[in-house]
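Enquirer: There's a structure below that I have some questions on.
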Amino acid sequence: MNPENNWTLLIGIVLSLYAAAIIFFVVRGARKAKDMKDYAVGNINFSPWMVGLSLAASMTSAASFIINPGFIALYGVSGFISLGVILPLAAFVSLVILTKSFAKVGVQFNAKTMAEWMGNRFGSKAYRFFFAVMGLLLISFIVLINVGITNVISKALQVEPFYVLLGITVFVFGYMMFGGANSLMYTNSMQVFFKLAVALIMLGSGFYLFKDGFAPFMQKLHDIDPNLTGLSNKESPLFRDFFEIVICQIIVGMAIVCQPHIITKSLMLKSPSQVNKFLLSAIVFMIFFFLVVAVGFYARIFFPDLTVDGKKMKMDEIISNYVVARFSVFVGMIVVIGLVSAGQATLESLIQSISSSVTLDILEPIFGEGVTKNSLLTNKFVIIVLAAVSFLISWQQIVNPTLSVGIFAQMGVYGYFGAAFVPIIFGTFVKNVKASTVFTASVVAIIVHFGIFYFKLTPYMKGTVGNPGVSVAIAICCSVLVAVVLHIFNKNKAVA
């Protein structure tokens, strides 16, 4: 039998077994879900270690394993410092500080979704509805994961991306119609160990390049392109100077925790006293997951001209092609499953959090008792619509990306957590905050972020590709400034 056919057949078998295992855990978790509260936050008493594993699985996704290493392959050391060092460190610090306090405050407001927490915390139904609508920006993250997984599986099985994307959409969205938070805990715990195995395999796949030391390794990159070894890369659209590489990523890393599938994980803990164990298990695994971006260096040395069979690769295909070309059939099977797990873990969390918010925070306030009585059924229809929308956008990004689907996803995701940063920080640490203060701050963040990017304001937005990290960093600073001024004004007014 042709070795290529062997590879395709074995990968197909392993993917089928993996899918069967997922279905088993989904069914196991779904049996316990009786209403939308069970679907949204679960009703099984999971250990803090297990909740931490679920966070690690959902916080690092196809972006960390498939898309972001492509940026490093294109732009080198500057990209690694930004995405592999500064961003994770800022995220870990923010996660520790914010989660400990949010877990205590979060329990008080009995919320099932992030939007509901916002509404309850600030006593505003309008703000709750606003944030549920803002949550639709996270569809862009679903698109990124769809594209990443599709590229991996289509390369491994030698199947047209359209059919792979269709299969992923039907399968994942299909089982998420039934499996909520309970199922996520089981599937994420399985996926996180696949991801760890793959992280170690992929990081180890380039160790042979260091046999003569670190300097010769860097020389190989320098010989391909001197820009790859600089602390900044003037030729890139994302890593040109200290502001883009360090300052913006510190701000992004601090705010990235404010996504609903990340920050609300702490609400699954049965007691705030469990937070330390929860954080320890999550961060230990995530250290390895964030480091996977370094594989971009290996891929660039493996494909110095970034071509396969004489054809120039798109950035989002680089790691998929590296996996197929670099690994044996047996190791390749493990890596492919791990890469699929990397994306699927976050994809499940996003589907669960977005659909829950649409059902509970948008449709229920509009249609009232009809949705309340049939919330689980309504949620299934929401997931079907979400599947169709994400499929169409994902296919467009596969066929015609602007550099990378990563830029598209960053625009949406950054817009969401840019708007969420002030209300979460003020709602967690500041007392007597008016709803109008955080509402205004969120609107300012959205306007500034999308305004700077689409109107190409500042030199960082010139050229074909703008940097969403710059626009959201400025947006968050403006949002915080507005919130502080309004809060002080309201306090002085109350005293007067």
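Enquirer: List the number of the failed condition for residue 30; all other conditions in (1) of a type in the set (A, V, I, L, M); (2) modelled with pLDDT under 80; (3) surrounded by fewer than 15 Cβ atoms within 10 Å (Cβ to Cβ) hold.
Expert: Exception for residue 30: condition (3).
Enquirer: Under 7 Å between Cβ atoms, which residue pairs at least 6 apart in sequence (or on different chains) link something in the range 393-421 that is farther than 16 Å from residue 253 by Cβ with a partner that is among the charged types (D, E, K, R) and in a helix (DSSP H, G or I)?
Expert: 401/316; 404/316; 405/316
Enquirer: Evaluate the following for residue 273: is it without any contact (Cβ under 8 Å) to a residue 24 or more places away in the chain, among the polar types (S, T, N, Q) and surrounded by fewer than 22 Cβ atoms within 10 Å (Cβ to Cβ)?
Expert: Numbers: without any contact (Cβ under 8 Å) to a residue 24 or more places away in the chain: yes; among the polar types (S, T, N, Q): yes; surrounded by fewer than 22 Cβ atoms within 10 Å (Cβ to Cβ): yes.
It is true that residue 273 is without any contact (Cβ under 8 Å) to a residue 24 or more places away in the chain, among the polar types (S, T, N, Q) and surrounded by fewer than 22 Cβ atoms within 10 Å (Cβ to Cβ).
Enquirer: I'm checking my understanding of the structure. Among residues of the range 365-397 that are within 19 Å of residue 111 (Cβ to Cβ), surrounded by 19 or more Cβ atoms within 10 Å (Cβ to Cβ) and of a type outside the set (S, T, N, Q), which one is modelled with the highest pLDDT?
Expert: For the range 365-397, the residue satisfying everything is 382.
Enquirer: Out of the residues in the range 419-477 that are buried (at least 21 other Cβ atoms within 10 Å of the Cβ) and polar (S, T, N, Q), state the one that is modelled with the lowest pLDDT.
Expert: Here the residue is 467.
Enquirer: If I ask for residues that are free of Cβ contacts under 8 Å to residues at least 60 places away in the same chain and outside any loop (DSSP other than H, G, I, E, B), which ones from the range 309-329 would you list? Give the steps one after another, and end with the answer.
Expert: Residues of the range 309-329 free of Cβ contacts under 8 Å to residues at least 60 places away in the same chain: 309-313, 322, 325, 328.
311, 312, 322, 325 - these are the residues of the range 309-329 that are free of Cβ contacts under 8 Å to residues at least 60 places away in the same chain and outside any loop (DSSP other than H, G, I, E, B).
Enquirer: Here is a follow-up. Between a residue in the range 282-308 that is more than 18 Å from residue 62 (Cα to Cα) and any residue that is assigned to a strand (DSSP E or B), which pairs come within a Cβ distance under 7 Å, given they are 6 or more apart or on different chains?
Expert: Qualifying pairs under 7 Å: 306/312.
Enquirer: Ok, one more. Can you tell me which residue in the range 123-145 is nearest to the chain's Cα centre (by Cα), limited to those that are of a type in the set (Phe, Trp, Tyr) and crowded, with 21+ Cβ neighbours inside 10 Å?
Expert: Restricting attention to the range 123-145, the residues satisfying the condition of being of a type in the set (Phe, Trp, Tyr) are 127, 129-131, 141.
If we keep only those that are crowded, with 21+ Cβ neighbours inside 10 Å too, we end up with 127, 131, 141.
Values: 127: 24, 131: 18, 141: 6 Å.
It comes out as 141.
Enquirer: Sticking with this structure for a sec: Going through 351, 362 one at a time, which residue ends up being at pLDDT 90 or above, part of a helix (DSSP H, G or I) and within 17 Å of the chain's Cα centre (by Cα)?
Expert: Working: 362 fails: within 17 Å of the chain's Cα centre (by Cα).
Going through 351, 362 in turn, the sole match is 351.
Enquirer: If residue 270 satisfies all but one of (1) under 30 Å from residue 49 (Cα atoms); (2) assigned to a helix (DSSP H, G or I); (3) modelled with pLDDT under 95, what's the number of the condition it fails?
Expert: (2)
Enquirer: If you scan the range 422-445, which residues turn out to be more than 18 Å from residue 485 (Cβ to Cβ) and among the hydrophobic types (A, V, I, L, M, F, W, C)?
Expert: Matches in the range 422-445: 424 only.
Enquirer: Taking the range 49-76 as the search range and keeping residues that are among the hydroxyl-bearing types (Ser, Thr, Tyr) and part of a helix (DSSP H, G or I), which one is nearest to residue 316 (Cα to Cα)?
Expert: Initial filter on the range 49-76 (among the hydroxyl-bearing types (Ser, Thr, Tyr)): 54, 58, 60-61, 64, 75.
From what is left, the residues that are part of a helix (DSSP H, G or I) are 54, 58, 64, 75.
Numbers: 54: 26, 58: 20, 64: 12, 75: 14 Å.
Among them, the one singled out is 64.
Enquirer: Quick one: how many residues across the range 198-239 are touching a residue at least 60 places away in the same chain (Cβ under 8 Å) and either in a loop (DSSP other than H, G, I, E, B) or loosely packed, with under 15 Cβ neighbours inside 10 Å (or both)?
Expert: 13
Enquirer: Determine which single condition residue 46 fails, assuming it passes every other condition in (1) aromatic (Phe, Trp, Tyr); (2) in a helix (DSSP H, G or I); (3) modelled with pLDDT under 80.
Expert: For residue 46, the failing item is (2).
Enquirer: Of the numbered conditions (1) without any contact (Cβ under 8 Å) to a residue 40 or more places away in the chain; (2) surrounded by 24 or more Cβ atoms within 10 Å (Cβ to Cβ), residue 159 satisfies every one except a single condition; which is it?
Expert: Evaluating residue 159 over (1) without any contact (Cβ under 8 Å) to a residue 40 or more places away in the chain; (2) surrounded by 24 or more Cβ atoms within 10 Å (Cβ to Cβ) leaves (2) as the failure.
Enquirer: Among all residue pairs at least 6 apart or on different chains, which show Cβ distances below 8 Å where the first residue, located in the range 240-253, is free of Cβ contacts under 8 Å to residues at least 40 places away in the same chain and the second is of a type in the set (Gly, Ala, Ser)?
Expert: Partner pairs satisfying both residue conditions: 241/232; 242/232.
The values are calculated or read from the model by the stated rules, or taken from the named source; none is laboratory data. The shown structure was predicted, so the numbers you read here are calculated from the model rather than taken from an experiment. For neighbour counting, all protein chains shown are included, and Cβ atoms are generated from backbone atoms with ideal geometry for every residue, glycine included.
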